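K.L.:
Just passing along the structure, written as structure tokens.
Quick note: the coordinates plus some simple rules give every number you see, no bench work behind them. Here the structure is a predicted model, which is why all the values come from computation and not from measurement. In this analysis, Cβ positions are derived from the backbone assuming ideal geometry, glycine residues included, and neighbour counts consider all displayed protein chains.
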Amino acid sequence: MEVVILRHGTTDLNKDGMIQGSSVDPDLSVEGREYAQKAAKNFDPSQFDAIYVSPLKRAQETARIFVGHEAKLNTDDRIKEMDYGQWDGKSVKEYHKQYPDAFDYRGLLTDNMYKYNKTAESRQHFEDRIADFFDELYKKHPNDKVLVVCHGVVSRMIVAHYLTDGDITYFDQMDNCGLAQMHIDDKIQRLVFWNRVLA
């Protein structure tokens, strides 16, 4: 199976530096929509045998921009963004100031977050639902090329699950509308490319 992963376009929460998990559901920003439309001009949706999309609006809208309104979208809750509980929609800058050890040098949340945020989805639960989705995806599409439109941390966990035993720290956040590709079969799982931008 060949899997192309597309991260959703930019929202106002992205632009304003807010934590954006599955508890918040903004639309794409005006700029995010315009950039997605520009990138989509360099994208060929006809290459895919199936398309799977997170139910959150930012992913659904990005998918429609990239593949058009006629394509069949399979919506799946398991590829929603990680749920940050009470931290969702709040300022990264403020939490970084308050809990600096909850972030790495890139400003990305680490598992130290759980010392201060008891309402967030556990890392294990998050990985388990991603793995469950991909196990099922491979059974359905072992020889197909599949597009998965999802989120930043979901994208990192997809490749981390297969390549680094679920340790997402090896992978930077993809850009909004960034693309990655993986090859997955019974013998090997490999990353073909990471964070390819089209505009």
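K.L.:
Residues in segment 146-166 near a label at V197, defined as backbone nitrogen under 17 Å from the 7 Å Cα→Cβ point?
P.N.:
Under cut-off, by backbone N: 152.
K.L.:
Using only alpha carbon pairs under 8 Å that are at least six residues apart, calculate the relative contact order of the chain and give it in whole percent. Don't jump to the answer; show the numbers that get you there.
P.N.:
Numbers: 371 pairs, mean separation 66.3, N = 199.
The value is 33 percent.
K.L.:
Report, to the nearest 10°, how far helix 30-40 tilts away from the longest principal axis of the Cα atoms in the chain, using its own Cα long axis and a range of 0 to 90°.
P.N.:
So the inclination is approximately 30 degrees.
K.L.:
Further question: With axes computed from alpha carbons, what is the tilt in degrees of helix 123-140 against the longest principal axis of the chain, rounded to the nearest 10 within 0 to 90?
P.N.:
Approximately 0 degrees, to the nearest 10.
K.L.:
Can you give the calculated 222 nm mean residue ellipticity of the chain, where each DSSP H run of n ≥ 4 adds -39,500 (n - 2.57) and the sum is split over every residue, rounded to the nearest 500 deg cm²/dmol? Spell out each step's value before the answer.
P.N.:
Values: 6 runs with 63 residues, N = 199.
Calculated at 222 nm, the ellipticity per residue is -9500 deg cm²/dmol.
K.L.:
Okay, moving on. GNM on the chain, C-alpha springs below 10 Å: top fluctuator among E136, E70, E34?
P.N.:
Looking only at E136, E70, E34, the biggest GNM fluctuation is shown by E70.
K.L.:
Shifting gears a bit: Could you tell me what a quarter of the Cα convex hull surface of segment 92-138 works out to, in nm² with one decimal place? Present the calculation step by step, with values, prior to reporting the outcome.
P.N.:
Details: hull surface 16.5 nm².
Averaged projected area of segment 92-138's Cα convex hull equals 4.1 nm².
K.L.:
Given H placed on each backbone N at 1.01 Å, which residues far from V53 in sequence or on other chains put an amide H within less than 5 Å of it?
P.N.:
N74, T75, D76, V149
K.L.:
Still on this model: Once the Cα atoms of helix 152-163 and of the chain are each reduced to a long axis, what angle between those two axes, in degrees from 0 to 90 to the nearest 10, is obtained?
P.N.:
70 degrees
K.L.:
Here is a follow-up. Hey, can you grab everything whose amide H is under 5 Å from the amide H of G9? Only 5+ residues off in sequence or another chain; H modelled, so Pro and N-termini drop out.
P.N.:
Answer set, sorted by chain and number: T62, C177.
K.L.:
So, one more: Compute from the Cα atoms of the chain the Rg and the Dmax, the latter being the longest Cα-Cα distance, and quote both in angstrom.
P.N.:
Using the Cα atoms of the chain, the pair Rg, Dmax is 16.1, 48 Å.
K.L.:
In Å and whole numbers, how far do the C-alpha atoms of segment 132-199 stretch along each principal axis, longest first?
P.N.:
Principal extents (Cα only, largest first): 31, 26, 19 Å.
K.L.:
Loop-only check: which chymotrypsin sites (Phe, Trp or Tyr not before Pro) in segment 93-151 are DSSP coil with at most 10 other Cβ within 10 angstrom?
P.N.:
Values: sites: Y95, F103, Y105, Y114, Y116, F126, F133, F134, Y138; in loops: Y105, Y116.
Hits after loop and neighbour filter: Y105.
K.L.:
Continuing with this model, one more query. Report ³J(HN,Hα) in whole Hz for each residue of segment 13-19, in order, from the Karplus equation J = 6.51 cos²θ - 1.76 cosθ + 1.60 where θ = phi - 60°; Gly and Pro get x.
P.N.:
5, 4, 4, 8, x, 9, 6
K.L.:
With labels modelled as points extended 7 Å from the Cα through the Cβ direction, what inter-label distance (nm, one decimal) is found for Q124 paired with D165?
P.N.:
Each label point lies 7 Å from its Cα, and together they span 1.5 nm.
K.L.:
Would you kindly calculate the translational diffusion coefficient of segment 1-68, applying Stokes-Einstein with the Kirkwood radius from alpha carbon pairs, for 4 °C and a viscosity of 1.567 mPa s, and quote it in µm² s⁻¹ without decimals? Kindly include the intermediate steps, with their values, before the conclusion.
P.N.:
Numbers: Rh = 12.6 Å.
Taking Rh from Cα pairs, D becomes 102 µm²/s.
K.L.:
Taking the chain as a Gaussian network, where each spring joins two C-alpha atoms under 10 Å apart, which residue of R129, R78, R156 fluctuates the most?
P.N.:
R129
K.L.:
Connecting C-alpha atoms closer than 10 Å in a GNM of the chain, tell me which of D186, D16, D76 has the biggest fluctuation.
P.N.:
Comparing D186, D16, D76 in a Gaussian network model of the chain, the most mobile one is D186.
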